[in-house]
Amino acid sequence: MKKVIELINIKRNFQVGDEVVHALRGISFTICEGEFVTIMGTSGSGKSTLLNQLGCLDTPTSGEYLLDGVPVRRMKRRERAVLRNRKIGFVFQNYNLLPKTTAVENVELPLMYNSSVSARERTQRAIRALERVGLGSRLYHKSNQMSGGQMQRVAIARALVNDPAVILADEATGNLDTRTSFEILVLFQELHAEGRTIIFVTHNPEIAQYSSRNIVLRDGQIKEDKLNPHILSAADALAALPKPTDED
Amino acid sequence: MKTKELKDKKMSIANLFKIALRAIAANKLRSFLTMLGIIIGVASVITMLAIGQGSKRSIQAQISEMGSNMIMVRPGQDKGPGGARQDADEMQTLKLKDYELLKTNAKYLAAISPSVNASGQFVRGNNNTPSTLYGISPDYLTIRQLKLDDGEMFTDEDVRVGAKVCVIGKTVADNLFPNGEDPIGQVVRFTTIPLRVVGVLESKGYNSFGMDQDDLVLAPYTTVMKRVLAVTYLEGINCSAVTEDMTDLAIEDIATLLRESHKLKATDEDNFTIRSQQEMAEMMNTTSDLMTTLLLCVACISLIVGGIGIMNIMYVSVTERTKEIGLRMSVGARGIDILSQFLIEAVMLSVTGGIIGVLFGVGASVAVNALAHWPVFIQPWSVILSFAVCTATGVFFGWYPAKKAAQLDPIEAIRYE
Ligand SMILES: Nc1ncnc2c1ncn2[C@@H]1O[C@H](COP(=O)(O)OP(=O)(O)OP(=O)(O)O)[C@@H](O)[C@H]1O
Ligand SMILES: [Mg+2]
């Protein structure tokens, strides 16, 4: 299998006043194409810090990170921006859509910064991505006219539109109710089934059951890294949920 | 390879414009408020310049129309604009005999007329109007380049006998004869004195100070001096030199004659003032230039305030849009992309504000002209200048906030609440 992500003894220290905070204390793992990895751990264990490394938003204090075979650590700010633009799709807990902007324009955003994509192709790809996440009928709705679940779908479409090597999600279901969370999870499982590489940071241990691999962090170190032999179907779980009542 | 790079560059600039436009469109009120300062600044620069230039041009036009060879003699020593006038005695130094002396002896003069005037109410039947009565000789028409629309000028004979006749301006005619009757031969009353209208002047419209040049009544100076005012002195003597070149010679000649007639010693100062139309024009131009400069300063200040407004709102909006900037960076916007976006936004806003400001400025100039009768002239360079200034303002004041936005740390920016 092709290695998408290779971390070699990654450390990340923060200087806070006189004190040095060791957020990551030597993390090494390899993620291959098509894996759906959940990253868990208590608050402050370094999950977001790790995701920022993976997403090329931050550089490690030491260690090496290869994304799609490309070493990232010595890259300049500008080069990392381009790398994010071509190889990474982010999904955030609070959606982070542009306010008062249509779904299509939101999804187009990453392609706006890629000058090799024409305006026509950009719109087509945005529409295709929105159709893929089930929002084909809401292309021109503005972000403030949508529900949380819909906004997160738009965000996922935005993460898909540049056909990234890896999709990174930080608490992507953290703001949603159980039912909507499962709907989003179904979407992620479908993307996984299509062969996409997904890294999903979560607090919720239940979600680990729907992924193919689970990494647990503690205090900036890997405490556990296990493949999941029995991946549950989120679609089944969704069907088993009690139907929402109208009186609710 | 080279052409592809070029094409990509073009495309990325087009994309940045699109990004900036979308950001502006997503926040219409904020964008409008940003532009407001520039709109007001540009509009006031254009209006002020239009008023300044308009009055200057109209002064010039008036002078060339009046003839640049006009000479005015006034009593007393005029210390120039703002200089204090002397007491009443000094204002009575010009007598009728001075006029007669100049009329017979002065060289280089083509026409000469004394001038005495009185303001008051003119009455005819139920209609009345306030106006000014000028006591003059028939030469006055030549000197001021006035023409008759109807009737005739009173004659030298009328002057000799102090006939109760007058020639009225268009405004006075309209006010006293509102129903379009023929004023010729009719009698109008000034205080208790009845004056028979013998002629109506051709309309000259408003002058550069917004004064109605048709609001006047002309009568023989003898009539005004004896019957209306009962005075023996003159308010002035107006003449015109034979040609413009002879103006200076004529002035010298008049001064010599008057000093002689007033029995002034060599050490005495003149007790009269002689001014040529050219001098007057220069004086008025200086005044109007000063006014224009002052107005322009005020307008420029408002343009700068407008620019600071842009900077202020851009600066606040960088803070307000921190999350948006973080998001853009996380999906691959480089620092230069963010910088360009904010700069383009600032320039677009200031240019759009500039265009609206130009429209408002032109509109205001036209309105000032129509409502206050001030002459205006919009100079093309003032439009171009204010345009250039507002684009420069956009870049200058947009730069700092844009730079600040570009340097944000994406992780902190996206976490920002
Ligand atoms: N910019 C920073 N400066 C200083 N310390 C930081 C910074 N970012 C993270 N840390 C520290 O690094 C450690 C790991 O933080 P991180 O945000 O990665 O935790 P997390 O696992 O994502 O927690 P949570 O589940 O609450 O989101 C924490 O102790 C935190 O205080
Ligand atoms: Mg976190």
DSSP beta bridge pairing in the protein assembly as shown, given as percent antiparallel to the nearest 5: 70 percent
What nm distance separates the two modelled labels at A:Asn144 and A:Ser233, each placed 7 Å from Cα along Cα→Cβ? 4.2 nm
Contact order normalised by residue count of the stretch A:89-162, Cα under 8 Å, 6+ apart, percent: 50 percent
Listed residues B:Val351, B:Val366 arranged by accessible area, highest first, probe 1.4 Å: B:Val366, B:Val351
Just the number, please: buried accessible area between A and B, total of both chains, 1.4 angstrom probe, nearest 100 square angstrom. 2600 Å²
Efficiency of FRET from Cβ geometry, B:Glu412 and A:Ser137, R₀ 45 Å, rounded to 0.05: 0.75
How are the C-alpha pair distances of the stretch B:318-413 spread across 10 Å bins, as whole percents from the shortest bin up? 16, 32, 21, 15, 10, 4, 0
Whenever you get a sec, compute what percent of the accessible area on chain B sits on carbon and sulfur atoms (1.4 Å probe). 61 percent
For a quick check: with amide H placed at 1.01 Å from N, whose amide H comes under 5 Å from B:Thr93's, ignoring anything fewer than 5 positions away on the same chain? B:Gly76
Working out 0.36 nm times the residue gap between B:Asp156 and B:Glu282, then minus their Cα-Cα distance, what length gain in nm do you get to one decimal? 41.9 nm
Expected unfolding gain across B:His373-B:Thr232 under the 0.36 nm per residue rule, minus the alpha-carbon gap, is 47.0 nm
Chymotrypsin sites (Phe, Trp or Tyr not before Pro) within the stretch B:188-267: which are DSSP loop residues with at most 16 other Cβ atoms inside 10 Å? B:Phe209
Based solely on its DSSP helices, what 222 nm [θ] is calculated for the protein assembly as shown when runs of n ≥ 4 H residues each add -39,500 (n - 2.57) and the sum is averaged over all residues, nearest 500 deg cm²/dmol? -15500 deg cm²/dmol
Fraction of alpha-carbon pairs over 32 Å apart in the protein assembly as shown - percent: 66 percent
Please average, across the residues of A:117-125, the number of beta carbons from any other chain that are within 10 Å of each residue's own beta carbon, and give a whole number. 1
3J(HN,Hα) from dihedral phi, the stretch A:140-145, Karplus parametrisation 6.51/-1.76/1.60, rounded to Hz, x for glycine, proline: 10, 6, 7, 4, 7, 9
Suppose the chain between A:Gln15 and A:Glu190 were pulled fully straight at 0.36 nm per residue; how much longer would it get relative to their current alpha carbon spacing? 58.9 nm
Return the aspartates and glutamates within reach of B:Lys18: Cα separation strictly under 18 angstrom, same-chain partners fewer than 8 residues apart disregarded; answer none if there are no such residues. A:Glu105, A:Glu108, A:Glu121, B:Asp8, B:Glu324, B:Asp337, B:Glu345
When only alpha-carbon atoms are used, what values of Rg and Dmax, in angstrom, describe chain B? 32.7, 101
For the pair B:Trp381 and A:Ser43, how long in nm is the line joining their label points, each one 7 Å along Cα→Cβ? 6.8 nm
In whole angstrom, the spacing between the Cα centers of the stretch B:325-384 and the stretch B:244-320 equals 33 Å
The stretch B:94-270 - convex hull of alpha carbons, volume per residue in Å³: 130 Å³
Return a single number: how many Lys pairs in the stretch B:94-270, at a sequence separation of 8 or more or on separate chains, have alpha-carbon atoms below 27 angstrom apart. 28
So, relative contact order of the stretch B:94-270 in percent, Cα under 8 Å, 6 or more apart, is 33 percent
For B:Ala255, placing the label point 7 angstrom along Cα-to-beta-carbon and taking the stretch B:272-287, residues whose amide nitrogen sits under 17 Å are B:272-280
Of A:Lys3/A:Lys87; A:Lys2/A:Lys87; B:Lys7/B:Lys403, pairs whose Cα-Cα distance is over 19 Å: B:Lys7/B:Lys403
Taking the alpha-carbon centroid of each part, what is the distance from the stretch B:123-190 to the stretch A:98-113 in angstrom? 78 Å
Restricting the calculation to Cα positions, tell me the Rg (one decimal) and the Dmax (whole number) of the stretch A:68-196 in Å. 14.5, 44
By Kyte-Doolittle mean hydropathy of at least 1.6 and Cα axial length of at least 15 Å, which whole DSSP H helices of chain B are selected? B:335-372
Counting pairs of alpha carbon atoms under 8 Å apart in space and at least six apart in sequence, what relative contact order in percent does chain A give? 26 percent
Here, A:Val82 and B:Phe396, labelled 7 Å along Cα→Cβ, have an inter-label distance in nm of 3.6 nm
Kindly state, to the nearest 0.05, the FRET efficiency for B:Arg57 paired with B:Cys300, given R0 = 25 Å and r defined as their beta-carbon distance. 0.70
When Rg is the radius of gyration of the Cα atoms in chain A and Rh is its Kirkwood radius, what does Rg/Rh come to? 0.97
Can you give the average number of partner chain beta-carbon atoms within 10 Å of each beta-carbon in peptide A:97-103, as a whole number? 4
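The values are calculated or read from the model by the stated rules, or taken from the named source; none is laboratory data. This one's a predicted model, so the numbers in the text were calculated from it and none came from an experiment. No Cβ is skipped: glycine too gets one built from the backbone with ideal geometry, and neighbour counts run over all protein chains shown. Side chains included, ligands, DNA and RNA excluded: accessible areas come from the protein's heavy atoms. Shrake-Rupley method; radii C 1.70, N 1.55, O 1.52, S 1.80 Å.
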